[in-house]
1. Looking at segment 149-242, which GluC sites (Glu not before Pro) are in a loop (DSSP not H, G, I, E or B) and have at most 15 other Cβ atoms within 10 Å?
2. With θ set to phi - 60° and the Karplus curve 6.51 cos²θ - 1.76 cosθ + 1.60, what are the ³J(HN,Hα) couplings of segment 258-264 in order, to the nearest whole Hz, using x for Gly and Pro?
3. Please report, in debye to the nearest 20, how large the charge dipole of segment 20-149 is about its Cα centre when each Lys and Arg carries +1 at its beta carbon and each Asp and Glu carries -1 there.
4. In the chain, what percentage of the DSSP-assigned beta bridges are antiparallel, given to the nearest 5?
5. Once every DSSP H run of n ≥ 4 in the chain is given -39500 (n - 2.57) and the sum is divided by its residues, what mean residue ellipticity at 222 nm do you get, rounded to the nearest 500 deg cm²/dmol?
6. Volume per residue, Å³, of the convex hull around the alpha-carbon atoms of segment 35-85?
7. Relative contact order for the chain: what percent, with Cα pairs under 8 Å and sequence separation of 6 or more?
8. What is the log10 of I(q)/I(0) for segment 82-171, computed with the Debye formula using one identical point scatterer on each Cα and no solvent, at q = 0.11, 0.13 Å⁻¹?
Amino acid sequence: VSGPPAALCGVLGHPVGHSRSPAMHNAAFGALGLDWRYVRLPVPPERFDELVRALPASGYRGANATIPHKLAALRAADDATPAARAIGAANTLTFEDGRIEADNTDAAGLVDALARPLAGLRALVLGAGGAGRAAAWALREEGAEVAVWNRTPERAAELAADLGVRAAERPAAAHGAAPPDLLVNATAVGLDAAAGHDEAIASLGLDGAEPPPVVVDLVYRGDGETPVVRWARAAGADVVEGLEVLVRQGARSLERWTGRPPPLDVMRTAAANSAPET
Ligand code: NAP
């Protein structure tokens, strides 16, 4: 007779049916021989704090937070890592010794997925939402020269002032006359499969632009290449897809909760094959 799992983890979101994290983490627990279970935790914003506080007593060791809870996750924590504090948002909560610790593994996950030295590179981040903040902070920490462009310029200016990076008025002139070495799409552009390719590239100010040697698209979809990935590959750029960044942020969370080395290949396969719940 199988009893309840030895420990629980979950993803807090609203909605959360689209999340690939349960498939990815459950496959990892299985590969590590851990009797742990990772579940979806749908929760509306007004009930977030109450639910998070109840999780440790219900057997939870950790949780991920996704849209719209990343700011609330940081606020609900007793301690936060320098990454979570600087970015102003958390995607990972760890429950330990009666305390809640917040981390932001989107930042380290991006650096892990890039898997190359970043010091001195000119990096252009498109987007100044939560993902843009995590990317800009992570790249700056690694010693890159970071410029951020955003559709709404005030948000890019605020991010730049908070994190000590540059705000770019136009993507094409982010580093003056010098072209960037690396571009990260941290906007939601490309998420909508119905929107046109050219329209998506134009909305990022990239029409007619030559892709830099390395391009990351944080956006991922189940149905083939995103516009930014297609644009970059057509010019021979080295592409890092959003799914790899998802796997790497998940791997960092898993390692924090279990203390075990994450089985990356198992997590990659599970994330790639998991069909979002409808
Ligand atoms: P967010 O806080 O809502 O920010 C959305 C960003 O997209 C803003 O910068 C917004 O610009 C921009 N944007 C939206 N529509 C646009 C358009 N038509 N043209 C130009 N810019 C547009 O969201 P987020 O949490 O930062 O996430 C952004 C994306 O990253 C999402 O697609 C998410 O799935 C992805 N993501 C992936 C990972 C991963 O692990 N792969 C992790 C985190 C996020 P304005 O400020 O002008 O509205």
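1. Numbers: sites: Glu154, Glu158, Glu169, Glu199, Glu225, Glu241; in loops: Glu169, Glu225.
Those satisfying the criteria are Glu169.
2. 9, x, 10, x, x, x, 4
3. Working: 14 positive and 15 negative charges, 77 e Å.
The calculated dipole for segment 20-149 is roughly 360 debye.
4. On the way: 8 of 41 bridges.
Restricted to the chain, the bridges split so that about 20 percent are antiparallel.
5. Values: 11 runs with 107 residues, N = 278.
Calculated mean residue ellipticity at 222 nm is -11000 deg cm²/dmol.
6. On the way: hull volume 4.9 nm³, N = 51.
Residue-normalised Cα hull volume stands at 97 Å³.
7. Numbers: 567 pairs, mean separation 50.7, N = 278.
Dividing the mean separation by the residue count of the chain yields 18 percent.
8. With one equal scatterer per Cα and no solvent, log10 I(q)/I(0) is -0.31, -0.42.
Only the coordinates and a few stated rules stand behind these numbers; no lab work does. Note that this is a predicted model, so its numbers are computed, not measured. Neighbour counts run over all protein chains shown; Cβ positions are idealised from the backbone, glycine included.
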